[in-house]
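The values are calculated or read from the model by the stated rules, or taken from the named source; none is laboratory data. All values reported here derive from a predicted model rather than from experimental measurement. FYI the Cβ positions are ideal-geometry reconstructions off the backbone, even for glycines, and counts take in every protein chain you see. Just so you know, the surface numbers come from the protein's heavy atoms only, side chains and all, with ligands and any DNA or RNA stripped out. Shrake-Rupley method; radii C 1.70, N 1.55, O 1.52, S 1.80 Å.
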Amino acid sequence: MSVPLTLLGLLDREPSHGYDLKRDYDAFFGRGKPLPFGQVYSTLSRLARDGKVTAGEAEPGDGPDRKRYAITEAGREEVETWLTRPAEPEPHLQSVLFAKVVLALMLGRPAADYLDTQRAAHLKRMRELTELRRSGPTIDVLLADYGLFHLEADLRWIDATEARLGSLAEMVRTS
């Protein structure tokens with residue numbers, strides 16, 4: 001997730017205070033991982049420095065004075081470019097799962113045990129996401145589907161790798 005581009009996209013709707021941007025980010029994009037206030041303001045500072053947003057004068061609020069940020073034309077162009085370009089297809093060929101299996105085999109450790117542990121962790125997370133699909137609002141359902149489909153692909157890879165551990169072990173030990 002690109003925090004700067006997401007904040008720019010939120011600002012493209014309307015000028016907003018940092019607090020409002022954090023609230024909207026957390027509501028739509030930060031499921032389970034809220035954006036820290038410090039990151040919001042440091043990102044807004046960098047965007048202002050780069051000419052992608054402007055900060056208004058400080059306004060009194062319920063707490064400390066707040067600045068309302070507005071997107072600039074350069075910021076709008078960046079959001080438009082980002083939205084119209086496809087995201088890099090994932091996953092990349094080198095993954096943490098792959099690296100752990102190969103290193104375990106290179107070190108003579110039980111890669112099958114690691115795969116079993118990883119499978120159990122994936123299945124646990126899939127149960128959590130399945131429950132979210134049953135009870136959550138549409139945005140959570142769509143995010144849960146996304147996660148479930150990726151976890152299913154990982155599980156298929158775990159099964160295929162487990163079936164090939166012998167030949168993979170021989171390859172990495174002789175290299």
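Using only the Cα atoms, what convex hull volume per residue in Å³ does the stretch 3-84 have?
91 Å³
Measure nothing but the geometry: give the 0 to 90° angle between the long axis through the Cα atoms of 37-49 and the longest principal axis through the Cα atoms of the chain, rounded to 10°.
The helix 37-49 is inclined about 70 degrees to the chain.
I'd like the FRET efficiency for His150 and Lys67, computed as 1/(1 + (r/R0)^6) with the beta carbon distance as r and R0 of 41 Å, rounded to 0.05.
FRET efficiency, His150 to Lys67: 0.60.
Give me the accessible area per residue for the stretch 19-74, probe 1.4 Å, as a whole number in Å².
Per residue, the stretch 19-74 has 63 Å² of solvent-accessible surface.
Answer with a single label: of [x] 54, 28, 25; [y] 66, 41, 31; [z] 43, 36, 31, which was calculated as Cα extents along the principal axes in Å from the structure in view?
[y]
Which value, in debye to the nearest 20, gives the size of the charge dipole of the chain about its Cα centre, when Lys and Arg are +1 and Asp and Glu are -1 at the Cβ?
500 debye
Taking 25 Å as R0, compute the FRET efficiency from the Cβ-Cβ separation of Glu170 and Ala120 and round it to 0.05.
0.40
Take the solvent-accessible surface of the protein heavy atoms, probe 1.4 Å, and return the percent of it on the chain that carbon and sulfur atoms account for.
Roughly 56 percent of what the probe reaches on the chain is carbon or sulfur.
Specify the angular offset, from 0 to 90 degrees and rounded to the nearest 10, of the alpha carbon long axis of helix 138-163 from the longest principal axis of the alpha carbons in the chain.
Helix 138-163 and the main axis of the chain meet at about 20 degrees.
What residue among Glu57, Glu152, Glu78 shows peak mean-square fluctuation when the chain is described by a Gaussian network model with Cα springs under 10 Å?
Glu57
How many lysine pairs does the chain hold where the Cα atoms are under 25 Å apart and the two sit 8 or more places apart or on different chains?
Qualifying lysine pairs in the chain: 7.
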